[in-house]
Amino acid sequence: MSVSRETLEMARKLAIKNAIDYGSAKDGAVIAKVLSKFPELKSQMKDLTATVKKVTSEVNAMPRKELESEYSKYAEEFEQAAAEKAERSAKHNFSIEGAEEGKFVTRFPPEPGGYMHIGNAKALFLEDELRRVYKGKLVLYFDDTNPDNEKQEFVDAFKDDFKWLGIKFDDEYYASDNIHVLYKYAADAIKRGGAYVCTCSTEEIQEKRLAGEKCKHRMQSMAETEAMWNKMLDGEFKDGEAILRFVGDMKSENTTMRDPTLFRIKHARHYRQGEKYFVWPTYDFCTPIMDSTRGITDVLRDKRYEMRDALYFAVLDMLGLRKPRITSFSVLEIANNVTSKRKLRELIAQKLVSGWDDPRLVTMMALRRRGITPQAIREFVLSFGMGRSESTADIDVLLSMNRKIIDEKAKRLFFIEEPIKLDVSGTASREVSLRLYPGSETDYRNYTVNGELFINAMDGKVLRKGDTVRLKDAFNVTVTGTGTEITAEYSDKDNPGKLSRIQWMTRDDAVKCELVLVGNLLDGETFSKESLRRVSGIAEGYSASLQKGDIVQFDRLGYFILDDSKRKSFISL
């Protein structure tokens, strides 16, 4: 009995989606999805399996362009289903008071002075979610006005992470491309009496700000300030010799308002502008102006910036510019880990971690290398909603979410840390097929068993002569001798009770490999020397065919991603 036309069409649609998501359509994954739609087909598994195998074969033979063209026919349907699923499962209300559908524009403002981490991802996905809710726009704004730290390398890394995370922006711009515009606003601020040039030492500025005393330069005339500003632009001051300051309130309890710096001098070469500029705006001057003039309606930023909100609005009021709406949310901290770029640089400099992609870190590079999926990251960061209450998250929550996502595509394999030889007699050479996925009727790894096997030494230590055990997913053996090697004979008898099941692999097919076990980076505030452990052992022969990035589940151990295909090095998930 053949499957219905409706089932055939559903199988093809799901196979195309599976191929788009994972590079090729997998029989087991498609069968599982079809059964979730039509559970009554469990009684027709033979026909369903044959149909799906034929469909996936046809889909996998399609050129990429043809596959993408076919997918476009169903894209809207899949996107709608995903949106409905997200809406049903949402635990939080993603909304902003006063925001209007079709009139919402926000921006993601990374500074390219380091690599993206999970705290950045929270802001990004919140903004993306609100864009969806309000059918608005999300803009990429590189806040790049500090030539000391910024590099094109970091810009490229951010963009690569955005692509991997599946985020597309409606527009893109750079603060450093607008310095000439910001100079005009600085001149306007001076004319309005809202800014002055100060040549006091750093120590004197700090002392007066702490004491709430006005700087002597604040009393100078507009003409004097304009002349000093022009000297700054003409290069007559060295780094640190002069700054442009905001006329704030030196008695304010909010110390941010005590005449903060708006422009400073830095002669370092800029990654994008070269040596074109050396008078650079600070975040507090540049960002509100860029937001206002670029049409941003809503600014989302974490609570660390709350003290600066008053200055943000004061700068715009002083210049007579439109004020966007600001919404603050809690900072995302990961227990026993680090997101601070300064602290990360220190760890790397001290060689306590191997780099920004060290699997113990929570940078996007590290999470990606470790096999954490964009879907898991999105679900994790959005699970905290838009609340302002501070909380520290456990990385295990993210790992748990990720395991649910990767389980379907994780190949099941055996790994043995301490192998011991097992000689099985009483059987000729035989072929054994082991499922790659639970319940799969189509995906297997196949081995020729000739009696010479490896098992785990820990299993061997508990075996006694006369014990009958099950070589997992293969056949039963009865132990005939123990010691530095185990001997056994094939058993075809039915054995009452539940047999012990042990991992095994053929001696000829065993592949040397290494497991990298990832733990918490910190123990409290201290770097943990136990945060990364390496375990050597052997994996079954199928592992030789794995490619970098493939995910497996080693029996008894958990999920791993192949990090180095040459060394066969796997990182724990």
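FYI, it's all coordinate maths here, none of it is from the lab. Since the structure is predicted, the reported quantities are computational estimates derived from the model, not experimental observations. Glycine gets a Cβ as well: all are built from the backbone with ideal geometry, and neighbour counts include every protein chain shown.
Some notes on this structure:
- Taken over the Cα atoms of the range 98-330, the convex hull encloses 123 Å³ per residue.
- A Förster radius of 25 Å combined with the Cβ-Cβ distance from F38 to M62 puts the calculated FRET efficiency at roughly 0.55.
- Rg to Rh, two decimals, where the range 426-516 supplies the alpha carbon set and Rh follows Kirkwood: 0.96
- On Cα atoms only, tilt of 5-22 relative to the major axis of the chain in degrees: 60 degrees
- Overall form of the range 111-152 per C-alpha gyration tensor (a/c, 1.5; a/b vs b/c): oblate
- Only lysine pairs 8 or more places apart or on separate chains count here, and in the range 451-573 those with Cα atoms under 12 Å apart total 4.
- The charge dipole of the range 195-350, taken about the Cα centre with unit charges on the Cβ atoms of Lys, Arg (+1) and Asp, Glu (-1), comes to about 420 debye, rounded to the nearest 20.
- In this Cβ point-charge picture (+1 for Lys and Arg, -1 for Asp and Glu), the chain has a dipole of about 400 debye about its Cα centre.
- Paramagnetic reach from E530 (point 7 Å along Cα→Cβ, amide N under 17 Å) across the range 338-375: none
- Its residue count N fixes a reference of 2.2 N^0.38 Å for the chain, and the Cα radius of gyration divided by that reference is 1.26.
- Cα-derived Rg to Rh of the range 236-354, Kirkwood definition: 1.03
- Here the range 110-179 has an Rg and Dmax of 12.4, 38 Å, counting Cα atoms alone.
- Full-extension gain in nm, S72 to A349, via 0.36 nm per residue minus C-alpha separation: 95.0 nm
- Ordering 412-423, 166-177 by mean Cβ neighbour count within 10 Å, with the highest value first, yields 412-423, 166-177.
- Computed over every Cα-Cα pair of the range 349-480 and binned at 5 Å starting from 0, the pair-distance distribution P(r) comes out as 2, 8, 12, 13, 12, 11, 10, 10, 9, 7, 4, 2, 1, 0 percent.
- Overall dimensions of the range 334-408 by Cα: Rg and Dmax, Å: 13.4, 39
- nm² value of the averaged projected area, convex hull over the Cα atoms of the range 410-573: 11.4 nm²
- Computed extension length for S328-D47: 95.6 nm, one decimal, from 0.36 nm per residue of separation with the Cα-Cα distance subtracted.
- A straight chain from A211 to K191 at 0.36 nm per residue would run longer than the Cα-Cα distance by 4.4 nm.
- The long axis of helix 75-89 is offset from the longest Cα principal axis of the chain by roughly 80 degrees.
- Across the range 5-80, Cα-Cα pairs more than 15 Å apart make up 50 percent of the total.
- Peptides 208-214, 246-252, ordered by how many other C-beta atoms sit within 10 Å of their residues on average, highest first, read 246-252, 208-214.
- Across the range 407-427, the residues whose backbone nitrogen lies under 20 Å from the label position 7 Å along the beta-carbon direction of K465 are 421-426.
- Counting only aspartates and glutamates at least 8 places from K103 when in the same chain, those with an alpha carbon closer than 12 Å to its own are D298.
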